[in-house]
Structures are given as structure tokens and as C-alpha cells.
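Here is the structure we will look at, set down as C-alpha cells.
The values are calculated or read from the model by the stated rules, or taken from the named source; none is laboratory data. For clarity, every value in this text was computed on a predicted model and none was experimentally measured. Here the Cβ positions follow ideal geometry from the backbone for every residue, glycine too, while neighbour counts run over all protein chains shown.
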Amino acid sequence: MISVQNLTKDYDTHRAIDHLNFTAEKGEVLGFLGPNGAGKTTTMRILTGFMSPTSGTATIDGLDVMEDSLKVRHKVGYLPETVPLYEDMRVFDYLKFMGQLHKVQEIDERVAEVLIQVGMDDRSQSLIKNLSKGMRQRVGLGQALLHHPDVLILDEPTIGLDPKQIKEVRNLIKSIGKERTVMLSTHILSEAQQICDRVIIINKGRIVAEDAPENLQGRVSALRVVYVRVSEKTDQAATALRELPGVLSVKVLETGRIEVENVRESDVRPGIARKLVESGYDLLELTPESVNLEDIFLKLTREASSENPPLEPEPNDSQESEA
């Protein structure tokens, strides 16, 4: 379990993260989303003990990440965005070395098991410097899994992978997430939508949204949009729909569909169906607008930026790097 309370990190005059509060439970995959420079990597580095916060607390299974740093590192598997690999080592030897640092028992058997898990068993004797970027990413994921961590923290875990590898890693993360706490950052919004149980959207160091992906869909706009199609007399049908309570606007599109905008709190679909049928129109389509996580992400981060404009200059690359 991850628990973060009022976590804050300052780089000189720039506040990278600002009083973050969230938890991630065992058996949960938590997505951590945000634009470049939002504070995602800083948060992950604090959780893994690589840097200290300015204020606030972060715990892993009840252990403070600073006061109990060594114990925390035994409980956490970490995949940084840029995986630190020893390029002159062979894949098997590298993973064995990393397992020995974690004092993994029956290390040869465990390395062989992890190589199969990440799909690298056929490259166990390859030199790391001869591997593609995607294969190196999988080796990095393997080292994060070696010591059976209770918590897995992954920074852009599928970056550099081909579509087949991405699908395999996503399935692996979902499988791991059934037994462990998994927190991952990603810029691939469809990825978060597919594998995360809950999503946190962060912007300029602050949380702007936190919910299950499907629950965030209703927050993207103050309006709801419904598309309607009738068999004939589209203009007359549109005129009839403008009389319905809760409807803000109605317009006929070039495709022949009718676009109906209504207030967020009101679901006018039953009224639309009733009105059209009672007026003698043949109703062929009644479809709500599809809203995906990308729409939500752009909407919420845009709103947060306008409400909380930055007061300090952004840090340079040595302060906060968000790829």
C-alpha cells in the first residue's frame, strides 16, 4: 500500500509538487498522468527513496520512505523511465547481479522465471548493449520484479516497445496488479484507460482529478451531447427537440444527424425518444457523445492551468525532468 500525505517538493523557488494526498491499495493499478513538468517523476523518486520531500510524508506498507529507506527498497520494485543498465553484461548475469543485491534466494531459478515473465528467455545470453530499446525496457522491468516486491512503481513502462510487446507488458501489469500495489505513469492515455483501476491527473504539482477512468468521463464538460437521426423531415424534428426542457441547443449536421446539447445534470434521452415517437418520427439513432480519457486529460489540465497560473519559472532540466 502507498500512502501520501501533504507531500511537497521545492526546487529553490519552484514548487514541483504541492501538498499531494493519495493512496494506492494492494490489488490496485493506479495510473499517474500529467503533462511534462507536472511532478510525476519527482513523486516517484520520493516514493522510491531517491530524493527527500521538502515536507509531508510518504509511506510504503506503513514504512516511511525516508526514515525506513532500506526496508522500503526491499518492498518496492522500481522501473525508472531511463533504465540504468550495465551494457557490457549479459542479460542473465545482470539480472542475477541485481537479484543478489536484493538477497534473492535461489537466484538462478528466479532469474529464469522472470526472463520468461518478461519475454526475454531467448535472449538471456545476449549482451545488453546489443539489445533494442524495447528489449532493454523489458530487462528493466525484469529487475523490478526480481525480489517479489509488494509495490511496483513504473515510470513509462511501455516506452519504446512495439505494439505486440506493449500488449504483453500491459497484460503482465494487470496480472501483477491483482496481487500487488502498482503505480505507473504514462503519456499513453489509452493505456491508463485499459489497465488502471484508478487514475490521478496531476498538473503543475497539484492533483486536478482522481477517480476510476469511467467515472471521469462525466467531468470533461459542463454539457452533454446526444446525436439523433430520424428517417425524414430532419429540420422539423430538430425544431421539435428545441422545445424540450433541459436542451441548450439543437443543430442539424451535414451528415444528417441532429446534435443536441443539454445541461449536465439532465439526461434528455428519454424525452427525446418520447417526443419524436409521439410526433410520428421514425427514430433511427440516439447516441451519447463518446468521451475518452484524452478528452478528460486535456480538459482538466487546461482548466487547472487557467485557475492556477504558475507564479515561479519552471525548473531547469537538472531540477525536474519529465519526459
Expected single match for of a type outside the set (Ser, Thr, Tyr), in a loop (DSSP other than H, G, I, E, B) and without any contact (Cβ under 8 Å) to a residue 12 or more places away in the chain among GLU87, GLU67 is GLU67
| said: Looking at the range 81-95, can you tell me whether even one residue there is in contact with a Ser or Thr (Cβ under 9 Å, 6 or more places away or on another chain) and aromatic (Phe, Trp, Tyr)? | reply: yes
Expected output for the range 95-109 (first residue surrounded by 14 or more Cβ atoms within 10 Å (Cβ to Cβ), partner among the small types (Gly, Ala, Ser), Cβ below 8 Å, 6+ apart or cross-chain) is LEU95/GLY142; ILE107/GLY99
Flagged pairs (Cβ under 9 angstrom, 6 or more apart or on separate chains; first in the range 262-282, in the same structural domain as LEU248 (by TED's automatic domain parsing); second at pLDDT below 80 and small (Gly, Ala, Ser)) are VAL263/ALA222; ARG264/GLY218; ARG264/SER221; ARG264/ALA222
A careful count of residues in the range 21-42 that are at pLDDT 95 or above and either assigned to a helix (DSSP H, G or I) or more than 16 Å from the chain's Cα centre (by Cα) (or both) gives 1
Looking across the range 118-133 at residues that are within 25 Å of the chain's Cα centre (by Cα) and surrounded by 17 or more Cβ atoms within 10 Å (Cβ to Cβ), the single one that is farthest from THR82 (Cα to Cα) is GLY119
Restricting attention to the range 60-75, the residues that are touching a strand residue (DSSP E or B) at 6+ places or on another chain (Cβ under 7 Å) and within 16 Å of THR42 (Cα to Cα) number exactly 1
Condition test on ARG206, is it under 21 Å from THR43 (Cα atoms) and either crowded, with 17+ Cβ neighbours inside 10 Å or over 12 Å from the mean Cα position of the chain (by Cα) (or both)? yes
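Within the range 158-226, considering only strands (runs of 3 or more DSSP E) that don't extend past its boundaries, which have at least 1 residues that are touching a Ser or Thr at 6+ places or on another chain (Cβ under 8 Å), of a type outside the set (Gly, Ala, Ser) and at pLDDT 85 or above? Let's see the steps before the verdict.
Working: elements: 181-185, 198-203, 206-211.
Of the strands (runs of 3 or more DSSP E) lying wholly inside the range 158-226, those with at least 1 residues that are touching a Ser or Thr at 6+ places or on another chain (Cβ under 8 Å), of a type outside the set (Gly, Ala, Ser) and at pLDDT 85 or above span 198-203, 206-211.
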query: Hey, any hits in the range 223-233 for a residue that's small (Gly, Ala, Ser) and in the same structural domain as GLU278 (by TED's automatic domain parsing)?
result: yes
Any residue at all in the range 164-176 that's in contact with a helix residue (DSSP H, G or I) (Cβ under 7 Å, 6 or more places away or on another chain) and of a type in the set (Lys, Arg)? yes
